[in-house]
Amino acid sequence: MSEPIRLTQYAAGGGCACKIPAAQLETLVAGLSASRHADLLVGLESGDDAAAVRIAGGQAIISTADFFTPVVDSAYDWGRIAAANALSDVYAMGGTPIVAINLLGWPVDHLDPQLITEVLRGGAEVAASAGIAIAGGHSITAPEPIYGLAVTGIADPDRLLRNDTGVAGLPISLTKPLGVGILGNRHKVTGEVFPDAIASMVALNDQASVAALAAGVRTATDVTGFGLLGHLFKLCRASGIAAYIDHGAVPVLDGARESLAAGYVPGGSRRNLDWVRPSLDVRPGVSEDELLLLADAQTSGGLLVLGEIPGAPVIGETVAAHGSTRIIIG
């Protein structure tokens, strides 16, 4: 009997942890000029989750694409996770997805192409649960397996959730627990499966987005490859504010702290912490492990919302910047 194929062994990284490091990426795009088309509502400037363009009829189109290498060994689950992650960028901006297309790369000479069917099946099932169809896509041969979606959504242009509209004095809420990056690293090394982590990554952020809009929230982002600290830093910098995080209030998946203590830390999480560390004010009693957890590279993480919504713990608050973007961790 042949051994089961472990997809994670065909990828140097995994999930959103395979992103180009934030510091390097910002340097690479620093000289690019953003389009100033009159109907472009959200573009390159603040590094938001997706682009938004005003169209006729009082609506905005939201456009995004997201893809990554396997974060789990199951082809079907990887497809589900990648689809949920791509759809999240639309929800993070207060939009409703309307259609998606597949983006696929596959090492056809080294990995059974029949697994592609399972990846696409997983993606299609999650898209169906979001009420949309996946209408075709594009595929290439590649040295590593890659999968994701390009998603188009619609939104009210006057009610977009953005990362540059934050103000001081608001509660900060997080809609999913942290730790999937650490557990994913353990899964890649040992083959252990963590069902709670898979369930968290597969869960859509649709209801959280609806709840945020209903609560009058104006500012949000999702927590993915740059970790909670990285995405919060980007939000605060874009909005000209600072933040306080109560590390004890941040929800964490079972087994994540134990796996962290055992050394299962993705390289992307360490790079995230190195990137934001100069902007951190760490209070006594907060360990290096806690900082790594807050910087853990998430795949298909939750929404980070400036405001309170049902079911989401409040993990801190925004504060005045006083001249610099700082994140205080206590």
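Coordinate-derived values only; no laboratory data. These numbers were taken from a predicted model, which means no experiment stands behind them. Cβ: placed from backbone, ideal geometry, glycine included. Neighbour counts: every protein chain shown.
If you average the C-alpha positions of segment 249-309 and of segment 150-185 separately, how far apart do those two centres end up, in angstrom?
Rounded to whole Å, the Cα centres lie 16 Å apart.
Quick check: residue separation of E317 and A199 times 0.36 nm, minus the Cα distance between them. What number comes out in nm?
39.7 nm
Give the separation of the Cα centroids, segment 189-235 to segment 119-142, in Å.
Cα centroid of segment 189-235 versus Cα centroid of segment 119-142: 20 Å apart.
Taking the Cα centre of the chain as origin and charging only Cβ (+1 Lys, Arg; -1 Asp, Glu), how large is the dipole, in debye to the nearest 20?
For the chain, the charge dipole is close to 560 debye.
How far, in nm, would the chain grow between I328 and A249 when pulled straight, counting 0.36 nm per residue and subtracting the alpha carbon separation?
27.1 nm
Suppose only helical runs count, i.e. DSSP H with n ≥ 4. What mean residue ellipticity at 222 nm does that imply for the chain under -39500 (n - 2.57) per run, divided by all residues and rounded to the nearest 500 deg cm²/dmol?
It comes out at -9500 deg cm²/dmol, rounded to the nearest 500.
Going by average Cβ density within 10 Å per residue, which order do the peptides 51-58, 115-122, 196-203 take, highest to lowest?
196-203, 115-122, 51-58
Within segment 207-244, which residues have the backbone N less than 20 Å from the label spot 7 Å out from Q59 along Cα→beta-carbon, could you tell me?
207, 209-211, 213-214
Only Cα pairs under 8 Å and at least 6 apart count here; give the relative contact order of the chain as a rounded whole percent.
Relative contact order here is 24 percent.
Mind ranking 89-99, 294-304, 261-271 by how tightly packed they are, going by the mean number of other C-beta atoms within 10 angstrom, highest first?
In decreasing order of mean packing, 89-99, 294-304, 261-271 become 294-304, 89-99, 261-271.
Take peptides 215-225, 138-148 and line them up by average Cβ neighbours within 10 Å, highest first, as a rough protection proxy.
The densest-packed peptide leads the list: 215-225, 138-148.
What is the distance, in nm, between label points placed 7 Å from the Cα along the Cα-to-Cβ direction at V189 and at R6?
1.2
Give the relative contact order (percent, whole number) for segment 7-155; include only Cα pairs under 8 Å separated by 6+ residues.
Here the relative contact order equals 30 percent.
Between R277 and D289, 0.36 nm times their residue separation minus their Cα-Cα distance comes to what?
Contour length minus Cα-Cα distance gives 3.0 nm.
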